[in-house]
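Below is one structure; the comments refer to it alone.
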């Protein structure tokens, strides 16, 4: 399933939405320079509801979480809406 990058604030806050609209993944920079990645899956999703939140020390680690979670939740394909 495709993912759309639909929110971007100078790379400090980026959000992707799965094509069916039931799952979002957000990566944001923390005030201390670290990163947080969170996955929010609505209860209407075929696989049921879910929520994950993890901290990462750097943007590369945060990006790795994003790609892994996209793959686990419907594929890693992406299209840009910008």
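None of the figures in this text is laboratory data; all of them are computed from the coordinates on show. From a predicted model like this one, the values you see are computed outputs, not experimental measurements. Every residue, glycine among them, receives a Cβ derived from its backbone with ideal geometry; neighbour counts consider all protein chains shown.
One table, with the values for the structure above:
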quantity	calculated
Degrees separating the helix 59-72 axis from the principal Cα axis of the chain, which is the longest one	10 degrees
Peptides ranked, highest mean first, by Cβ atoms within 10 Å: ranges 67-73, 24-30	24-30, 67-73
Average silhouette area of the chain, convex hull of alpha-carbon atoms, in square nanometres	5.0 nm²
